[in-house]
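Read through the structure below, which is laid out as C-alpha cells, and then see the notes.
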There are 8 protein chains.
Amino acid sequence: MAFTVYLSGEIHTNWREEIKRGAAAKGLNITFTSAVTDHDASDAAGDHLGPESSSFWRDHKSAKVNAIRTKTLIEQSDLVVVRFGDKYKQWNAAFDAGYCAALGKPYVTLHAEDIIHPLKEVDAAALAWATTTEQVVDILAYVLRD
Amino acid sequence: MAFTVYLSGEIHTNWREEIKRGAAAKGLNITFTSAVTDHDASDAAGDHLGPESSSFWRDHKSAKVNAIRTKTLIEQSDLVVVRFGDKYKQWNAAFDAGYCAALGKPYVTLHAEDIIHPLKEVDAAALAWATTTEQVVDILAYVLRD
Amino acid sequence: MAFTVYLSGEIHTNWREEIKRGAAAKGLNITFTSAVTDHDASDAAGDHLGPESSSFWRDHKSAKVNAIRTKTLIEQSDLVVVRFGDKYKQWNAAFDAGYCAALGKPYVTLHAEDIIHPLKEVDAAALAWATTTEQVVDILAYVLRD
Amino acid sequence: MAFTVYLSGEIHTNWREEIKRGAAAKGLNITFTSAVTDHDASDAAGDHLGPESSSFWRDHKSAKVNAIRTKTLIEQSDLVVVRFGDKYKQWNAAFDAGYCAALGKPYVTLHAEDIIHPLKEVDAAALAWATTTEQVVDILAYVLRD
Amino acid sequence: MAFTVYLSGEIHTNWREEIKRGAAAKGLNITFTSAVTDHDASDAAGDHLGPESSSFWRDHKSAKVNAIRTKTLIEQSDLVVVRFGDKYKQWNAAFDAGYCAALGKPYVTLHAEDIIHPLKEVDAAALAWATTTEQVVDILAYVLRD
Amino acid sequence: MAFTVYLSGEIHTNWREEIKRGAAAKGLNITFTSAVTDHDASDAAGDHLGPESSSFWRDHKSAKVNAIRTKTLIEQSDLVVVRFGDKYKQWNAAFDAGYCAALGKPYVTLHAEDIIHPLKEVDAAALAWATTTEQVVDILAYVLRD
Amino acid sequence: MAFTVYLSGEIHTNWREEIKRGAAAKGLNITFTSAVTDHDASDAAGDHLGPESSSFWRDHKSAKVNAIRTKTLIEQSDLVVVRFGDKYKQWNAAFDAGYCAALGKPYVTLHAEDIIHPLKEVDAAALAWATTTEQVVDILAYVLRD
Amino acid sequence: MAFTVYLSGEIHTNWREEIKRGAAAKGLNITFTSAVTDHDASDAAGDHLGPESSSFWRDHKSAKVNAIRTKTLIEQSDLVVVRFGDKYKQWNAAFDAGYCAALGKPYVTLHAEDIIHPLKEVDAAALAWATTTEQVVDILAYVLRD
C-alpha cells in the first residue's frame, strides 16, 4: 500500500527529516511532499517576477507563487501532517489545516501539549494529534500495513 | 441588495460591534453572524455533554460543538471577515480562512501592518486586506450599492 | 438564528417528542424533520405501487420510496441527530450517519454508554455524542444563542 | 480491464479470503483493499498516540486513526463490497454503505436472507445484493469481462 | 412539508394535469414545474433569435433555449417524475433521467408494463416506478405526510 | 415563475436598461443583478483600502473588491447575459463566460455579427446568442412563461 | 496524447469495431471501453445473484449489475460517443448522454439525419454530431494530434 | 517533482516554444499541453463533420470540437499559463482563465504592461503575472525544485 503525505508547517526544525528517516527505516512506501522549505527562497518566490517596493505586495506575490506548488501538492496528497512549533505565528499551518478540513482531506496535527488550547479548533477537525515525530511514523506504519 | 457576512476571529476587542454599527449607520442590508463570542461559554460548550478530566478532550468536545454553529454559518454566508488582533495565537481565524479558501468562499482580512509577513498566505487567498473597521464598512457599502 | 434539524434513527421510543418539547420550552427557532415514523406505513410505502410476492422486493420498493423523503430532508437540514436505541439493528441510522459524513453534513449521535464500542466509527465522524435528549436540547440551545 | 474493490464489514469470518481466492482463480485483474482487519490492532490504533483512561476516547482515537486508511481507500476504489454477518452490530459496515451512497460510489451488499428487512435502506442504495462469496466473484467476473 | 416536483417527458397526453389535480385534491403543498409543454412553441423557441435554413441548427437553437428553463428547474426541484408514453422516441425524457442520476436528484418513472425492458437502465436509477398517475399522487401524498 | 439574471460585460451603452425595461413591459418576474457599473467607482473600488503607487496593484485591489460582489451574484443567478460591444477589450466579460461554463451556469451572449469569429469559444459554451436586447427579452419571456 | 473513449448505445451493428479499426489504422493512442455488449449476457447479468419470477425485477437486477461497470467506465473516460441506430428505443443511450451532461463529461453523438428532431435535446448538450464512424475517427484523430 | 502545464492563448508568436525550451534547458519534469495551435486546422475542426453555409455555425462546430481537447487538457493540468499578445481579441484566453478560476485551477498570466488595466479581473484571480517567458520558466523552476 502506497501513500502520499504532505508535510505542512514549521520550517525551523528538522521534523520533516525525522519523519522521512523513520518511514524509510520501517520500509514504508510513502512519497513525502511539502512547500519549498528554504525560508529565504520562499520569501523571494515572487522576486522572479520583478521587484516590489511595498512589503505587502512583495509578500503577496511570493505567497501566491508558493501557492502554485502547495495547493496542488495538498490536493494530490492522501494525508497532510500539520506541524506547530514553539516559535512564530504559523498561521499558514492553520490555514492549510482549514483548507484540508473543507476539502475533506485527512490531516493529523503534530504539536506539544502546551498549545492544546489555542489549537482546539484545528485539532477538532484532525484525524489525530501527535506530540512526537515517532508517533507520526508509528501511525503511518499502522495505516499502511498490509 | 442583501448580504450575509460572517465575522471570524478575535473576540477580545469590539471590532464586531464597530462593523455592525457602521453598517447600520449606512443603512446596509446585512445580516451579521459569528461564532459564540462569549469566551467562557465557548470554552465550556462541550460541558453540556458531561465533564472531562483531560483538558485535551474537554477542548476537543467544545471545539466540535462550536463547529456545529460555525461550519454552517460560514457556509451560509456571502462573505467572511477574518480579524487578527495583537494578542493570542488566533489559529482558529487562520483555520477559518483556509476553510473559506478551499470552498471558494470570499473573505477579507482585517489586521494591522505589523503582521503582514506571517499572514502572507492568508492574505494571498483573500479578496481584500483592511486595517480598520471603517475600511471594512466602506468596502461593504461599496459592494452593496444599488 | 434559525436551524433545521433532521431526527434520524430509532422509532420505538418518544425521543423525537422529548427533543421537540425541550426546544419549544426554550423558545428555539428550529424546524424538525424526519422520515415517516409510522412503522407500518413506512414498511408499506412501496405498496402504493402495487403488491410484491418477494419480501426482498417489497422492502426494496418501500425503502426507495422512503428515500425520496429522507434524502431530500437530510440534505436540506443544518444538523442531523442520529439516535441508537437498545433494540433492533438500526443499520439505517448508521447509514444516515455515513451519508452525512460523506456530505460534510454535521451530525450528533444520541446513545447510551453500553454501545460506545460498536458505534466508535459512527461517533468518530460526529460533532458530538449525547446520552440524553436533555443534552441534545442543551446543545441546540447553546448553538443557536444570539 | 482492472478494478479496485474495497471489502468492508465483518472481520470474524474469512469472506475476504474467499473472494480474493475466487477472483484469483478466475484470473481477474482486481486490487483488493480493506481496513486493518486485525481486530486487536484496530482497537489499539490510537494507542500509538498515548494511553487514554476513558474508553470512549480510546475508541474515538482509534476510530479516527483507522479512518485515515479507510476513507482514502474507499474513495480510491471502483466498487465496495459491504458484508453483514450474523454477529455483532456492524454499524461501521452500514456507515460505510451510507458514505458510498452519498459519494455516488457503487457498492454491493453481502448478507443472508434473514436480515433483509433491517438492511432494506442499505440494500436500496446498493447496486446488488449477494448471499454468497461465489456470487460476488461471479459478478466481478461478469463486470470485468473484456 | 413542501416539495417542488418537476414533470418531465411526454407532452401529448394530460398526465401532468392529472397529477396536479390529484395533488390539489389531497391538499398537498407541491409546486409543479416543467418544460414549456406547448409543442409548437417549444420547437420554435430558437426562432426568437432569427430564422435558420438548416433543420439541425433550428432544432439545436430551440433545444438550447429550452435548456435555459429545464436545466434550472430540474436542479431546483426536490423530485422529478419522468413520463414515457406509447408514442414517439422520448429520448429527452431518458436524457433528463440520466441528468438526474448523475446529480443524485431523486426521480420516479411513469410508464406502462410493456416498455419495462427498454427502460431497465432508466428504472434502475429511479427511486420508484409507477404505472398510473394515481400511484404518483399516492406516493407524493405519502412522502409529504406530516 | 421567477428568475434571477446577471448582466455581465459592456458598461458604456444602456443595454442593461433596455433589457430591464423590456422585461418590465412584459411583466416578467425577474431580478436583475450586475457588477457596479459606475466605471470610475469600479476602478476606485480598492482605494477604500488605501492608495497604491503602482497601477498594477491599484487595479488588482479594485478587481478583487469588485469580485466580492460579482462572484456572489453570478453564483446566485439562474442565467447570465454576457454583452460584448464594439469597443474595448472586454476580457472580463469573456472571463465571466468561462466562469459560468465551468460552473455549469447557463449563459447567453449578446453581440453583433462582426465578432462571431473571435467569440466562437465563448458562444460554443453558451445556451444562446442574441444580437439585440429585444431578442434577449423575447427569450426571457419565452423561458418564463407559465 | 492519450485518450479513453467510452462507446455507448446500439449493440446490434458493428459501429464499435469500425471506430476501433479506424483509430488503430491511424495509430491513435486510445483506450476504448464500453458496457458488456453481448446482449444475452447483459440481460442475464443479475441471474448470477439468483433467479427472479418477475420480469421487472430481473431487468432491474441486471441493469444495476451492468451499472457497476458502465458508471465507472463513463466517469473514467475522457470522451463518450453515444450511438443511436434505426431500431429499438435506445433509452439507455439517451440516459448515458444525460448522465454525461450533468457531469460535464464531453460526449459526441453518432446518428443518421432522420432522427435529428427527436434527438435535439441530446444533441444540444453534445460537443459534436457525427453521421458516420469515419467522421468519429476523423474527429478523434484531429483532437489527439500532437 | 512532475507537473503538467497547459499553455493557453495567443497562437501567433512562439511563446510556447520559448517556455518549452527554457524548461528543457533547466531539466524540469514538465509535460506541456495546449489546444491545436495550427490556426487553419483549428478553424476547420468542424469541417470533418460536413460543411456549413453559415459562418456562425461553422465556427460553432469547430469551437465545440476543439473543446473536446481543451476542456479535458485544462482539467488534467496542474497549472495553466494564459498568454495575451498585442493583437486580436483573445477572448478565448480570458474564457480559459475564467474557466480555471471557477474550477480552482491555478493559472498565471503572461502579458505586457500596457494591457494591465483591461486584464485586471483576469489577473486578480491568477496566482502570478509574468511579462516574459523567462519569468514563466523561472517560476516553474522554483515551483518544481526538490
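Residue under question is F:L127, and the condition is that it be aliphatic (A, V, I, L, M), under 12 Å from the mean Cα position of the chain (by Cα) and more than 7 Å from chain H (Cβ to nearest Cβ); does it hold?
So F:L127 fails the test.
Scan region D:108-115 and give yes if some residue there is at pLDDT below 95, open to solvent by 30 Å² or more (accessible area, probe 1.4 Å) and at the interface with chain C (Cβ under 9 Å from one of its Cβ atoms), otherwise no. Talk me through it step by step, then tell me what you get.
Here is the first cut: in region D:108-115, the residues at pLDDT below 95 are none.
For region D:108-115, residues at pLDDT below 95, open to solvent by 30 Å² or more (accessible area, probe 1.4 Å) and at the interface with chain C (Cβ under 9 Å from one of its Cβ atoms): absent.
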Every residue in region C:59-89 that is out of contact with any helix residue (DSSP H, G or I) (no Cβ under 9 Å at 6 or more places or on another chain) and charged (D, E, K, R), please. C:K87
Looking only at region E:117-146, how many residues end up being free of Cβ contacts under 8 Å to residues at least 60 places away in the same chain and either assigned to a helix (DSSP H, G or I) or open to solvent by less than 10 Å² (accessible area, probe 1.4 Å) (or both)? 12
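Rundown of residues vs (1) within 8 Å of chain D (Cβ to nearest Cβ); (2) within 15 Å of D:A102 (Cβ to Cβ); (3) modelled with pLDDT of 95 or more, yes/no style:
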site: C:D96; (1), (2), (3): yes, yes, yes
site: C:A101; (1), (2), (3): yes, yes, yes
site: C:D123; (1), (2), (3): yes, no, yes
site: C:Q135; (1), (2), (3): no, no, yes
site: C:A141; (1), (2), (3): no, no, yes
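Could you please find all residues in region G:71-89 being out of contact with any Ser or Thr (no Cβ under 8 Å at 6 or more places or on another chain) and either small (G, A, S) or modelled with pLDDT of 95 or more (or both)?
From region G:71-89, those out of contact with any Ser or Thr (no Cβ under 8 Å at 6 or more places or on another chain) are G:71-72, G:75, G:86-89; that's our starting set.
If the condition is that a residue be out of contact with any Ser or Thr (no Cβ under 8 Å at 6 or more places or on another chain) and either small (G, A, S) or modelled with pLDDT of 95 or more (or both), then G:K71, G:T72, G:E75 are the ones that fit.
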Unmet criterion (only one of (1) more than 18 Å from C:L127 (Cα to Cα); (2) free of Cβ contacts under 8 Å to residues at least 12 places away in the same chain; (3) in contact with a strand residue (DSSP E or B) (Cβ under 8 Å, 6 or more places away or on another chain)) for B:I68: (1)
Those strands (runs of 3 or more DSSP E) completely within region B:1-101 that have 3 or more residues that are open to solvent by 20 Å² or more (accessible area, probe 1.4 Å) are B:30-34
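The values are calculated or read from the model by the stated rules, or taken from the named source; none is laboratory data. Bear in mind that the values here come from a model prediction, so they are computed numbers and not experimental data. Please note: Cβ atoms are built from the backbone with ideal geometry, for glycine as well, and neighbour counts cover all protein chains shown. To get the accessible areas, we keep the full protein, side chains included, count just its heavy atoms, and leave off ligands, DNA and RNA. Shrake-Rupley method; radii C 1.70, N 1.55, O 1.52, S 1.80 Å.
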